[in-house]
Amino acid sequence: MSDLLRAEGIEKAFGATRVLRGVSLSVGTAEVVGLFGPNGAGKTVMANVLSGLIFPDRGRILYDGKEITRLPMDARFRAGLTRTFQIPSPYPALTVMESVLVARLCGDPGRGGKGRSLREDGEEVESVLRRTGLFAQRFWPAAKLSQGCLRRLEFARAISCRPKLVLLDEVFSALSAKDEAELAGLMRSLHEDDGISFLLISHNPLLLAEMCDRAVAIEGGRVVWGGEPADLPAVLPAATGDDTGQ
Amino acid sequence: MHPFAQVILDGLFTGSTYALMAAGLALILGVVKVVNLSHGAFFSLGAYVAYVLSGKGVSNPAAAVLLACVIAFAFGVFLGKSFINPVRSHPFSVAVGSLGFAILFEQAAQMLWGPHPVSIGSGPPWGELSGVVVRRWGAVSLLASAGILGGLALFLSSRWGLPLKLISEEEEIAGSVGIDVEKIRYLTFGFASATAAAAGALLAPATSITPTMGRVPLILSLIVVIASGMENVLAIFLLAVGLGLLSNIGAYLLAPQWSYVSLLTVISLLLLLRPGGLSAADPGRDY
Amino acid sequence: MRNTTGALALGAGMLLLLPLAGLDPFLLDVLTSGFLLASYVGSWDIVGGVAGQISLGHALFFGAATYSCALLTSLAGWPFAAAGGAALLLSTGAAAVVGTMSARLKGPFIALLTLALGELAHEVMIGQTFFSPRGAYSWGGEGGVPVALPWDAPSPWAAYYGALLFLFVSAWGMRRIALSREGLVWTAISGSELTARASGVDVARHKRRAFVAAGLFAGAAGVGFAAYVGRATTTDLSLELSFQAATFAAIGGRGTVVGPVLAALILHTVFRGAGVSPAARVLLYALALLLVLRFFPAGVAGALRQRIRARKMISGGAIR
């Protein structure tokens, strides 16, 4: 399987704190990889580096055969590498539909919103909202959504331009059982029907075991384990203890 | 003796007073976590207090500084408590509102004392060193600023300064251990405003007093705080003295207004070179 | 929504008919300058309200236009139309530069940078002296530079209707831009730069565009002002003028364009019409601003819009 995303020896320090100390990982085409680690292991920093929000001090990132180590986040989105945030910050003045429309207008490579009618974009956005279960709330101000719906909106934004790889940062944590099941189902269908790859970041090994093809565990800024996700709860029994995500 | 020596000595005095004001601005940035554009207005307030007092025959700088501090503290606490604290998380409201307060003061001063520069007598010089006059305001300014700054540094490193440090570094912890964060914020705002007013009162004999006179020291303090950060009082002091010297030399060699122009140029360049600015003043979190 | 449009149309009709009711020249002048000021404030709202960039140096674009009109007509002897075109180019270019410079900055630091740049322009113009090519007298400083106009004494009626037409056209144009796709992206950036970047928005580019659009409209207002007043003074570049734009916008409701335009028009007309001195006027504006920011952070039109939104939310989509 060829690698869609490949990070090699990523190092990142904030002041004197070395958060990442040479992390390497890869995600193949149409693969779901889990990134596991306890709180403070550097998962979110890794997601920020992979998505281009921050740049690493050392190491490089390859995506689709090209080096993207210093490509900014918006350009990565347009290239099909998108992410969700653990703490969503919605646009307070826009509705749900408009929020996703922004991504459609700016995030579609090549076309840049030109030569397409607003109706075509609108239909596209509506179909994304139907899939993510936000269609009924499409005229709501994004700021008025519940936590579960905000996660759905993050999801809708991330998949609105047919990405190749989506980084999901703790997207399933602190959700109701219903929301979690629906989002997991959506992820599975996107993976199976559309061939989208996922990097699923979580501190919940049971969830990763259920959803992923492969899993990587980091701790203290280093990769400590990699292998079958089903083994994850067994390999790291200590980690299942502080399962705060449910 | 070259007249340049005089310029340098006066610049030293002026700069030390600006350091006082910059320290106040840094305190607001650290504890209240806002960029305060009303700081210059308190400087002008102090200068006008000194002007009014000297018009009534009181020319003792200590009296002017004390009265200016009291008035500015009261105004600062009021502004901090009733405006800055409630709108703290809205950068627009803070920036435009604090500028609004400054403009409110400028217009009020213009209506009270007229738009034209006024000045007060600077008193007899303290002494002369081989042709260089040591002016009374200058010596008083240097001593008073160094005294207040030293006291502030001592206070911050003492037990009493701990709540301020905690708020500036670990806000959530400060709230959870029972510190009244809001109260400390507006008290800090009042104290910092008082430092600006003290600086204004100290420098009043040396400058022409106009409603908009606070803009130059405001920009200067902003440069100091952006360039030197807000922890190190000594760095603030040295940088403010350096800038005070430079602007005095600039005013001497070119014209007084060019010192403002050069400060504006410096702050623009500084912002371009350090786009991150100060992380504490940025309420939006990225990580 | 229909009510709002109706009220606006009614107001516009009244403004059209007002001079026929026999206004005295003073009120005619107050309204004419009010129209130009209102369209300048609307242009601030493009960048400061819709795109959410705290600009405190907007007078720079206005003053760049008035000064280039004055200098090009009086000193270089250009015809006014050519000078006006050049003025528009200059203020748009200045806006592009300011937009590029502030693209990497955030919130309060954009406020600082724009404030510093505006003050810089103001100070430089105060210090400049220009020598008239014909006489021995000089221009510049606080008194400013005269604009050589193609007409001698403009008819107050023509000026009134010209300025009103300009306000209609520019307000309509700005509203269209605010509601366009580009305006949607600006609103998104204003709401959350982080989410916008994670949606593929090239934030720096769109911020710059917002500045350029705002600078263009501010420049147009400046050209209109130069044509009406016949002089460019340092007031055109002053911090007070920049501050007024932000103030009226905050009072009217940032990001709505119509709100800031109306707030500027009404407050200016009331206070200037009542004969309040400029210093007292700015003082009252500052006071009003502090109260509005403290108690109605969304402004008047913003509060209205929120209520309309809430209604649309219920009628437009079913609540589960």
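Coordinate-derived values only; no laboratory data. Since this is a predicted model, take the numbers as computed values, not measurements. Positions of Cβ are generated from backbone atoms using ideal geometry, with glycine treated the same way; all protein chains shown enter the neighbour counts.
The tail of the calculated P(r) for chain A, taken as Cα-Cα distances beyond 34 Å, holds 14 percent of the pairs. Net charge dipole, chain C: roughly 1540 debye, given to the nearest 20, about the Cα centre with Cβ charges of +1 for Lys and Arg and -1 for Asp and Glu. Listed by chain and number, the lysines whose C-alpha is less than 18 Å from the C-alpha of B:Lys33, apart from same-chain residues fewer than 8 away, are B:Lys81, B:Lys165, B:Lys183, C:Lys106. Would you please state which residues of region C:160-188 a label at A:Lys144 would reach in this model, taking the label point 7 Å out along Cα→Cβ and a backbone N cut-off of under 19 Å? Hits in region C:160-188 for A:Lys144 at 19 Å: C:188. Over the residues of chain A, the helix contribution to mean residue ellipticity at 222 nm works out to -10500 deg cm²/dmol, using -39500 (n - 2.57) for each DSSP H run of at least 4. Here the dipole of the protein assembly as shown is about 1060 debye; that uses its Cα centre as origin and unit charges on the Cβ of Lys and Arg (positive) and Asp and Glu (negative). Taking the charge dipole of the protein assembly as shown about its Cα centre, with +1 at Lys and Arg Cβ atoms and -1 at Asp and Glu Cβ atoms, the residue from C:Ile126, B:Leu273, C:Ser39 reaching farthest to the positive side is C:Ser39.
Taking only alpha carbon atoms, region C:2-316 gives an Rg to Rh ratio of 0.97, where Rh is the Kirkwood radius.
Mind listing the long-range amide H neighbours of A:Leu4? Cut-off is under 5 Å, sequence gap 5 or more, other chains count too, H placed in the peptide plane at 1.01 Å from N. Those lying under 5 Å, H to H, from A:Leu4 are A:Val27, A:Gly28, A:Thr29. Classified by the C-alpha gyration tensor, region C:217-280 has an oblate form. Its axis ratio a/c, with a ≥ b ≥ c, is 1.5 or above, and a/b does not exceed b/c. Taking the Cα centre of chain B as origin and assigning +1 to Lys and Arg Cβ atoms and -1 to Asp and Glu Cβ atoms, the resulting dipole is close to 380 debye.
Under the √(5λ) rule applied to the eigenvalues of the Cα gyration tensor, what semi-axes describe the equivalent ellipsoid of region A:1-100? Give them in Å, descending. Numbers along the way, then the final one.
On the way: eigenvalues 110, 69, 37 Å².
Ellipsoid half-lengths, sorted descending, are 23, 19, 14 Å.
Ellipticity at 222 nm from helices only: DSSP H runs of n ≥ 4 in chain C, each -39500 (n - 2.57), divided by the residue count, give -23500 deg cm²/dmol. In summary, region C:164-286 shows an alpha-carbon radius of gyration equal to 1.19 times the 2.2 N^0.38 Å reference for compact globular proteins.
Here the spin labels are modelled as points 7 Å beyond Cα on the Cα-Cβ line, and at A:Ile87 and A:Glu67 they lie 3.5 nm apart. How much of the pair distance distribution for region B:38-164 lies past 24 Å, counting alpha-carbon pairs only, in percent? The answer is 46 percent, as a whole percent. Ignoring the sites themselves, chain B has its longest run without GluC sites (Glu not before Pro) in a DSSP loop having at most 16 other Cβ atoms within 10 Å at B:1-169. Taking amide H as placed 1.01 Å from N in the peptide plane, C:Trp78 has its amide H under 5 Å from the amide H of C:Thr73, each at least 5 places away in sequence or on another chain.
Which FRET efficiency value, to the nearest 0.05, is calculated for A:Ser176 and C:Val169 with the Förster distance at 60 angstrom and r the Cβ-Cβ distance? The calculated FRET efficiency here is 0.70. For chain B, a Gaussian network of Cα nodes joined below 10 Å ranks B:Arg135, B:Arg185, B:Arg274 by mean-square fluctuation, and the top entry is B:Arg274. Using the alpha carbons alone, the radius of gyration of chain B stands to its Kirkwood radius in an Rg to Rh ratio of 0.97.
Compared with the dominant Cα axis of chain B, that is its longest principal axis, helix B:233-253 is turned about 40°.
How far is helix A:147-159 tilted, in degrees, relative to the longest principal axis of the Cα atoms in chain A, given as a value from 0 to 90 rounded to the nearest 10? Computed tilt is about 80 degrees. For A:Arg83, the residues 5 or more places off, or on other chains, whose built amide H falls under 5 Å of its own are A:Leu167.
Counting every Cα pair in the protein assembly as shown, what percent are over 47 Å apart?
31
Under a Gaussian network description of chain C, with springs only between Cα atoms under 10 Å, the residue in C:Ala178, C:Ala264, C:Ala198 that fluctuates furthest is C:Ala198.
3J(HN,Hα) along region A:167-182, derived from phi through the Karplus expression 6.51 cos²θ - 1.76 cosθ + 1.60 where θ = phi - 60°, amounts to 8, 9, 8, 6, 6, 9, 7, 6, 10, 6, 4, 5, 4, 5, 5, 5 Hz, with x in place of Gly and Pro. Label positions at C:Leu8 and A:Asn39, each projected 7 Å from the Cα along the C-beta direction, are separated by 5.0 nm.
Counted by neighbouring Cβ atoms within 10 Å, the residues B:Ser54, C:Ser39 run from fewest to most as B:Ser54, C:Ser39. Computed from Cα positions, the angle between helix B:61-79 and the longest principal axis of chain B comes to roughly 30 degrees. Legend: Rg and Dmax of region C:1-148, from Cα coordinates, 18.9, 60 Å.
What's the longest piece of chain C with no exposed chymotrypsin sites (Phe, Trp or Tyr not before Pro), counting a site as exposed if DSSP puts it in a loop and it has at most 13 other beta carbons within 10 Å? That gives C:152-320 as the longest site-free run.
A straight Cα-to-Cα reach below 23 Å connects A:Lys144 with the lysines A:Lys178, C:Lys312, residues fewer than 8 places away in its own chain not being considered.
Taking the helices alone, chain B has a mean residue ellipticity at 222 nm of -23000 deg cm²/dmol, built from -39,500 (n - 2.57) per DSSP H run of at least 4 residues and averaged over all its residues. Build a GNM of chain C with springs between Cα atoms under 10 Å apart, and of C:Ala246, C:Ala116, C:Ala12 the one that fluctuates most is C:Ala12.
Please give the residues of region B:80-110, grouped as numeric ranges, whose backbone N is less than 13 Å from a label point set 7 Å along the Cα-to-Cβ vector of B:Val52. Backbone N within reach: B:108-110.
Remark: region A:156-208 projects, on average over all directions, an area of 3.6 nm² (convex hull of Cα atoms). Ordering B:Gly242, B:Gly214, B:Leu112 by the projection of their Cα atoms onto the charge dipole of chain B, which places +1 on the Cβ of Lys and Arg and -1 on the Cβ of Asp and Glu, puts B:Leu112 at the extreme positive end.
Placing unit charges on each Cβ (+1 for Lys and Arg, -1 for Asp and Glu) gives chain A a dipole about its Cα centre, and among A:Ile87, A:Leu208, A:Val223 the Cα reaching farthest toward its positive end belongs to A:Ile87.
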